[in-house]
Amino acid sequence: MSVAYYIVLDNDEPDFETFVNGKAVAHAADEIDQLCDQHGLQRLDSFMGQSMDEFADMLDEDIELPEGEDGEAKWFKPSDGISLIDAIASAIRKQPDSVPSADAVLEDLAEYKEVLQQARDINAKWHLALDI
């Protein structure tokens with residue numbers, strides 16, 4: 001099974017490519033979380049904003065929401081994601097052995113940053129989504 005984190009924009013036709021590989025980041029998610037915790041950074045998965053309907057469709061099963069949750073997609077400012085990606089990439093460069101396949105993870109992060117910079121330029125919001 002191939003898991004990936006990808007970027008979704010609130011603009012369906014942004015006039016630029018939004019594809020990011022995201023597989024290396026997904027495979028190193030636990031180690032990236034540990035690195036974020038060590039450096040006092042927000043975790044990358046805090047930008048997960050996939051709606052529960054989309055998530056349920058992907059899993060092909062119903063999901064019961066906790067009380068008070070609406071299950072709607074959550075959207076974030078690109079600048080917040082860019083700041084976190086820069087900080088994570090910097091931490092990985094300082095400690096490349098802290099994550100498996102550090103070069104591939106850095107490549108994924110660079111792709112995320114490029115998409116988010118373009119999203120910022122068109123005033124789009126974004127979130128991460130999980131592809132299984």
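For the stretch 40-67, a residue qualifies if it is small (Gly, Ala, Ser) and at pLDDT below 90, and the qualifying residues are Gly49, Ser51, Ala56. Residues that are in contact with a helix residue (DSSP H, G or I) (Cβ under 9 Å, 6 or more places away or on another chain) and in contact (Cβ under 8 Å) with a residue 60 or more places away in the chain were ranked within the stretch 39-49; the one that is surrounded by the fewest Cβ atoms within 10 Å (Cβ to Cβ) is Asp45. The residue that is surrounded by the most Cβ atoms within 10 Å (Cβ to Cβ), counting only those in the stretch 74-102 that are in a helix (DSSP H, G or I) and of a type in the set (Ser, Thr, Tyr), is Ser98. Within the stretch 108-129, restricting attention to residues that are of a type in the set (A, V, I, L, M) and touching a strand residue (DSSP E or B) at 6+ places or on another chain (Cβ under 6 Å), the residue that is nearest to Phe19 (Cα to Cα) is Val115.
For the stretch 1-28, the set of residues classified as farther than 14 Å from Lys125 by Cα and surrounded by fewer than 17 Cβ atoms within 10 Å (Cβ to Cβ) consists of Met1, Ser2, Val3, Asp15, Phe16, Glu17, Phe19, Asn21, listed by residue number. Could you please let me know if Asp70 is outside any loop (DSSP other than H, G, I, E, B) and modelled with pLDDT under 95? The answer is no for Asp70.
The values are calculated or read from the model by the stated rules, or taken from the named source; none is laboratory data. The model shown is predicted, which means the values in this text are computed figures rather than measured ones. Glycine gets a Cβ as well: all are built from the backbone with ideal geometry, and neighbour counts include every protein chain shown.
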